[in-house]
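Down below is the structure, laid out as structure tokens.
The values are calculated or read from the model by the stated rules, or taken from the named source; none is laboratory data. Quick caveat, the model's predicted, so the values are computed rather than measured. Please note: Cβ atoms are built from the backbone with ideal geometry, for glycine as well, and neighbour counts cover all protein chains shown. Note: accessible area is taken over every heavy atom of the protein model, side chains too, but ligands, DNA and RNA are not part of it. Shrake-Rupley method; radii C 1.70, N 1.55, O 1.52, S 1.80 Å.
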Amino acid sequence: MSAYSLSLPALPQTQSHPTTPPNARTGRRRTRSTAAERRRELIEVARAHFAERGYFGTPTLAIAEDAGISQAYLFRLFPTKQDLFAACVERCIALTNDAFEAGAAKPLAGESPLEAMGRAYRDLLSSDPAVLLGQLHANAAAPREPKIREAIRSGWADLYSTVERISGAQPEEIKAFFAHGMLLNVVAAVGFNEINEPWAIALGRQEQDC
């Protein structure tokens with residue numbers, strides 16, 4: 001069976017703000033953190049919110065409250081909502097790049113580098129639903145938000161470079177790899193693998209060659 005099958009387990013339901021820092025809204029004194037640490041914490045909280053409600057539907061006040069900081073401090077760390085969302089896009093890209101690197105470093109028996117990266121990406125979607133939902137919301141926001149669009153473009157350039165370097169594949173093979181990956185996103189989001197119909201089986205369960 002190909003490791004780059006488009007079959008996926010059901011996408012886990014996102015929990016409400018699972019990455020909330022333990023001291024948020026408890027009234028307890030926080031351990032002093034650096035601005036860089038606060039940025040990292042805030043990005044994780046924001047990823048959960050944006051995954052749940054999207055760019056346009058998520059108020060920054062809710063993110064700040066969940067992170068246990070003031071909205072004013074949020075805007076000191078990220079001057080605009082676009083900046084914060086773009087940072088979440090960059091985090092999603094970094095997680096995907098890390099998954100590609102890790103998958104290719106430990107392929108299963110008989111796997112090509114592309115197959116190993118595809119398997120790793122499938123596992124990432126299952127373990128971190130915010131990666132998938134963040135992509136979907138980012139693509140929806142990009143046409144109206146230039147900074148987000150630029151973050152996506154830059155991220156795709158990084159992903160392409162990673163896949164090209166690791167796999168040594170030709171451009172058409174890499175294009176097919178990413179095309180399968182985009183279909184994988186749809187399969188995961190809509191749950192084609194749960195539908196026992198010929199079209200869903202063809203799109204969501206049939207083994208795919210990279």
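Can you tell me the order of 133-146, 39-52 when each peptide is scored by its average per-residue count of other Cβ atoms within 10 angstrom, highest first? Show your work: numbers first, answer last.
On the way: 133-146: 17.9, 39-52: 22.3.
Most protected by this proxy first, the peptides run 39-52, 133-146.
Once both labels are modelled 7 Å past Cα along the beta-carbon direction, what's the Glu164-Ile195 spacing in nm?
3.6
Pop out the carbon and sulfur fraction of the accessible area of region 122-179 as a percent, whole number, probe 1.4 Å. Can you show the working numbers first?
Numbers: 1610 of 3040 Å².
Carbon plus sulfur share of accessible area: 53 percent.
Leaving out same-chain residues fewer than 8 places away, which lysines sit with a Cα under 28 Å from that of Lys81?
Within reach: Lys147.
Classify region 133-210 as rounded, prolate or oblate, taking a ≥ b ≥ c as the square roots of the eigenvalues of its Cα gyration tensor: rounded when a/c is under 1.5, otherwise prolate if a/b is larger than b/c and oblate if not. If you can, show how the numbers build up before the last one.
Details: a/c = 3.35, a/b = 1.25, b/c = 2.68.
Verdict is oblate for region 133-210.
Name the residues of region 109-147 whose amide N is less than 14 Å from a point 7 angstrom out from the Cα of Asp83 along the C-beta direction?
What the label zone holds, given the 14 Å backbone N cut-off, is 147.
Could you tell me which of rounded, prolate or oblate describes region 85-157, using a ≥ b ≥ c as the square roots of the eigenvalues of the alpha-carbon gyration tensor, with rounded for a/c under 1.5 and, failing that, prolate when a/b is larger than b/c and oblate otherwise?
Details: a/c = 2.96, a/b = 2.27, b/c = 1.30.
Taking the square roots of the gyration eigenvalues as a ≥ b ≥ c, region 85-157 is prolate.
Send over a whole-number figure in Å² for the accessible area per residue of region 127-210, probe 1.4 Å.
Values: 4590 Å² over 84 residues.
Averaged over the residues of region 127-210, the accessible area is 55 Å².
So if each residue of separation counts as 0.36 nm, and I subtract the Cα-Cα distance between Phe178 and Arg39, what length gain in nm does that give?
Values: separation 139, 0.36 × 139 = 50.04 nm, distance 3.01 nm.
Once the chain is fully extended between Phe178 and Arg39, it gains 47.0 nm.
On a straight-distance basis, which lysines could pair with Lys106 in a cross-link, Cα separation under 29 angstrom, same-chain partners fewer than 8 positions away excluded?
Leaving aside lysines fewer than 8 places away in the same chain, those within reach of Lys106 are Lys175.
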